[in-house]
1. Express in nm, to one decimal, how much length is gained between K133 and A183 on full extension, taking 0.36 nm for each residue of separation and deducting their alpha carbon distance.
2. Please state, to two decimals, what the Cα-based radius of gyration of region 86-214 comes to when divided by 2.2 N^0.38 Å (N = residues).
3. Could you work out how much longer the chain between K125 and E205 gets when fully extended? Use 0.36 nm per residue separation minus the Cα distance between them, nm to one decimal.
4. In Å, what Rg and Dmax follow from the Cα atoms of region 21-128?
5. Against the globular-protein guess of 2.2 N^0.38 Å, express the Cα radius of gyration of region 48-95 as a ratio, rounded to two decimals.
6. Report the residues of region 34-52 in range of a label on A171: point 7 Å along Cα→C-beta, backbone N strictly under 20 Å from it.
7. For A174, what charge total do you get from the other residues with a beta carbon under 15 Å from its beta carbon, if Lys and Arg give +1 and Asp and Glu give -1?
8. Of all alpha-carbon pairs in region 120-193, indicate the percentage at a distance above 21 angstrom.
Amino acid sequence: MSPPGLLRVGLCLRRTMNQCVLEPRPPGKRWLVAGLGNPGQPGTRHSVGMAVLGHLARRLGVAESWTRDRRCAADLALASLGDAQLVLLRPRRLMNANGRSIARAAELFGLTAEEVYLVHDELDKPLGKLALKLGGSARGHNGVRSCITCLNSQAMPRLRVGIGRPPHPDAVQAHVLGCFSAAEQELLPPLLERATDLLLDHIRERSQGPLLGT
């Protein structure tokens, strides 16, 4: 057993380390980027947001730095982008509960809803199309709805990644939860590259300007 003095020192060090990690940064200097999806289903259309996060992590050189954070039930990786810090997050909860992980991480890192980016699949855009939207409703996406509920805000910027809508309404669930076809997989590498470029350019611009800049 360690002497009482050493135990007290260890507790103080742990508290100090936690305070350093969770200390809020000035607005615009720390951003959370969350890839929505279902854990354990990385190759499905519904989890394309997580695929974008994986590509983003590789681009930023932190692909081997993912760590499980039990406080928010998510995998986290920290990266630098100029003077800004990015908190990359992949929820370990199902899509319908992604918001619980994201809201808890936002609380831990002292972030507002405007500083949280959501990356998710979009049925109403064809595969290969991207759109970055500042806030708004969930538009029927359960993961986004969970985030809006848990963050109590619609202000989160969202990168919508098109996956296309099947012609028959009865096929939507199977389409969303299914894996990309061989032909679609050929389109994924350039799509992930463009999605990463769009995210990083937008974050750089907002880091240098007003918090609610475009």
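Taken together, the values in this text are just the output of simple stated rules run on the coordinates, not laboratory data. Please read all numbers here as calculations on a predicted model, not as lab measurements. Positions of Cβ are backbone-derived with ideal geometry, glycine not excepted, and every protein chain shown enters the neighbour counts.
1. Between K133 and A183, full extension yields an extra 15.2 nm.
2. The value comes to 1.09.
3. This chain segment gains 26.3 nm when fully extended.
4. When restricted to Cα atoms, region 21-128 yields Rg and Dmax of 13.3, 41 Å.
5. Computed over Cα atoms of region 48-95, the ratio equals 1.12.
6. Once the point is set 7 Å along Cα→Cβ of A171, 44-48 turn out to lie under 20 Å by backbone N, inside region 34-52.
7. Around A174, the charge tally is -1.
8. More than 21 Å apart: 32 percent of the Cα pairs in region 120-193.
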